[in-house]
Amino acid sequence: MSDYWGGISRTVDYKGNKIDIGGHRFFSKSDVVMQWWKEILPIQSEQEAITLTYQNKTTTIAAAPLSVTNPDKVMLIRKRKSRIFYNKQFIDYPIALTPSTIRKIGVFATVLIGISYLKSVLFPIANEKTLEDFFINRFGKRLYKTFFKEYTEKVWGVPCSEITAEWGAQRIKGLSIKKAIGHFVKKQFQSKKVNIAQKDTETSLIEYFLYPKYGPGQMWEEVASTVKEKGGILINQTKVTKINIQEDKVVSVVVKNEETGSEQEIACDYCLSTMPVKELIKAFNSNATAACKEVADGLCYRDFITVGLLLKKINYTLEDNWIYIQEPYVKVGRLQIFNNWSPFLVKEADTIWMGLEYFCNENDEIWNKTNEELTNLAIAEMVQLGFINEKDYLDGVVIRMPKTYPAYFGTYQRFNEIRAVTDKIDNLFLVGRNGMHKYNNQDHSMLTAIQAVQNIKNKVTDKQNIWNINTEEEYHEEINNDK
């Protein structure tokens, strides 16, 4: 068993089996992002449509009409399926009170959920402040407690009443029971033809998404290769230890080689940072006020462990990309079936490659378990949930990822005190999830970087247009391009 600590790729290879750390659906309402992805990895052509056979079920996936010169360097069109595992049953996610859901949770429970939802519509919580308020206003208290509370608190390790509503606004946006039911009804009358253009669909309701043939890391490996071909220099396995600032400008950064311990100072005209804000402020040689340092020190993160299990077979026929585990008696929060993300993530077609996701804090009880203990825990919980038989286990791997999720508690409410310092540094641009301490999807993170580059080209030092990305329900479709 091995222990990996992440890197640029976001895809980990273990004996030919690949793990997508956290699950990355390539879908965006932004034409800028969608076009950029397709330029790096074109979509598999119709002439090369893929026929998949999984657990004796064959599916042919139609693809967009684009020519492909290298069949290994492509994006596949994948069908999205996510469900909640609750009370030993699979419930469709996003939640919609469809006949299937009503049958599984019971008519009486459904009536109570409906009454609770109507109450939230008629008497919503005014001035919602917490994530609990956010969920109740959109789904009603009973549905929130049944399907959202347990999983969300597994993810964050604190009650929903202690997390700001901003998290929901960024991650769930306009989703509600009304929209979920409307989407279900609309689907019944739509053509079954694969359509990746879903611009008017809530992100949580998309039916299809793009996916690199060999996992998300393939996208960034291609980008890295292109950068090198164009003369760019990439320095890997290093950590930024110092950011030298003079007269509100970053003049250089000091990086330390994590293997040799040697340090190198690199002069810079512009500095784009995706490093955790907590570490960024620590590295400043000047400019950071006492208040800024206090806020940075108090920022919280949620860490993440994936346990990969290679299996002969599983006890359910699953087409899901991932499954949310809403059972309180196990620690696992989410389950991925990598075969269903792309069959090319799995070395042997007759095996099942599964990833169990555990949310934790660095150096807590789960984090400090040995790899063997974590693997045994994962096996035991899958047996307890009824997904596998222990005799079908073949191999396993443990991957720890620190600072995976920037948290919306701790000193986050005072984050503007950090911005008051960083925004004044003309050539410093904070982008990305950890770089901005915003729980953005990957397309939003990309848009922040694209906007930063456009600001540099246009000599714009005001950072507000970067911070505005993903603050509205309908996020930016276009970037302020150089006219």
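Being of a type in the set (Gly, Ala, Ser) and in a loop (DSSP other than H, G, I, E, B) is the filter; apply it to the range 59-100 and report the residue that is modelled with the highest pLDDT.
ALA96
I'd like to verify a number: residues in the range 360-407 that are buried (at least 19 other Cβ atoms within 10 Å of the Cβ) and of a type in the set (Gly, Ala, Ser), how many?
Qualifying residue count, the range 360-407: 3.
Return the only residue of TYR324, TYR301, TYR316 being of a type in the set (Ser, Thr, Tyr), part of a strand (DSSP E or B), surrounded by fewer than 23 Cβ atoms within 10 Å (Cβ to Cβ) and in contact (Cβ under 8 Å) with a residue 24 or more places away in the chain.
The unique qualifying residue is TYR301.
Yes or no: ASP443 in contact with a Phe, Trp or Tyr (Cβ under 8 Å, 6 or more places away or on another chain) and acidic (Asp, Glu)?
yes
Among ILE266, ILE233, which is the only one that is within 28 Å of VAL421 (Cα to Cα) and either surrounded by fewer than 13 Cβ atoms within 10 Å (Cβ to Cβ) or β-branched (Val, Ile, Thr) (or both)?
Only one candidate qualifies: ILE266.
Out of (1) out of contact with any helix residue (DSSP H, G or I) (no Cβ under 7 Å at 6 or more places or on another chain); (2) modelled with pLDDT of 90 or more, the odd one out for ILE40 is which?
(1)
Any idea which of (1) at pLDDT 95 or above; (2) outside any strand (DSSP E or B) is the one ASN287 doesn't satisfy?
(1)
Looking at (1) in contact with a Ser or Thr (Cβ under 7 Å, 6 or more places away or on another chain); (2) under 18 Å from THR411 (Cβ atoms), find the lone condition where PHE284 falls short.
The one condition PHE284 does not meet is (1).
The values are calculated or read from the model by the stated rules, or taken from the named source; none is laboratory data. This structure is a prediction, so every number in the text was calculated from the model and none was measured. Cβ sites come from the backbone with ideal geometry, for glycine too, and all protein chains shown count toward neighbours.
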